[in-house]
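Working notes, structure below.
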Ligand SMILES: [Zn+2]
């Protein structure tokens, strides 16, 4: 099973239910009206009922939206899972296995911390908390939209930094040249781009400890037209960048179970910045709640 996960927000403009797809909850409720369900329940059920069957997996993959990244000449394909996560083929297969391997209901937790494959917390280490980013305005439809994104990034990064100055997480914006790529050494830690080929999502990001070629934060056309707070969407995406999973992984009915690769930091709170609009939770502002702040301090105190 691959080690990497990329996540995105599939919050639909103006809709009370935000999940862009409705594949995961095979035993849960059906698609919410207004959703763009591209994966049928039958596709999912076939793959879910036959873990390890490549034909069933292929049918499921063929129905999923895809996103590609150029990695120095190598095109890397990812599938949009649950309108929420970008996974490669192995990840999707692993996710299906994980659904079957999962244990009983986990303890409710609000801010959920991503775990690496080795079971260690997926946070930025003390020596890697100076996180640089570039915004590649050449990819945006207009200078105005890039400026709007730049402003929202400034707000969102400040909001996370302000939770816990002693945690020493600092985001620095650096100058971008067209086509700039994330990297190590002199390159920015991650790059913000506009993705014109969006499939049912507003924004998408990556996790702490992901390799450089995955470290993009992408915004789409819907980012500029949705009713969600623009800084709020980026606060949510930066939550993933900091290592946090979706709050609704532990939500009551109406949300989608993803997997068990996380540990709870705080009690469940449906207003978390990491909660989708589902199961009676979620907000349009995607603000940091007191629980989000407490969980972040816990995760980054070391
Ligand atoms: Zn997300």
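When the chain is fully extended, how far beyond the present Cα-Cα distance does residue 172 get from residue 197, taking 0.36 nm per residue of separation?
6.3 nm
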In nm, give the distance between the simple-model label positions of residue 227 and residue 138, each being 7 Å from the Cα along the Cα-to-Cβ direction.
3.8 nm
Kindly give the semi-axes, whole Å and largest first, of the ellipsoid equivalent to the stretch 177-235, taking each as the square root of 5 times a Cα gyration tensor eigenvalue.
23, 12, 10
Evaluate the distance, in nm, between pseudo-label points positioned 7 Å from the Cα of residue 302 and of residue 116 along their respective Cα→Cβ axes.
1.1 nm
Just order 115-124, 153-162 by mean Cβ neighbour count inside 10 Å, highest at the front, would you?
153-162, 115-124
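The numbers here are math on the coordinates, done by the rules we state, and not lab data. All of these numbers come straight from a predicted model, not from anything done at the bench. Please note: Cβ atoms are built from the backbone with ideal geometry, for glycine as well, and neighbour counts cover all protein chains shown.
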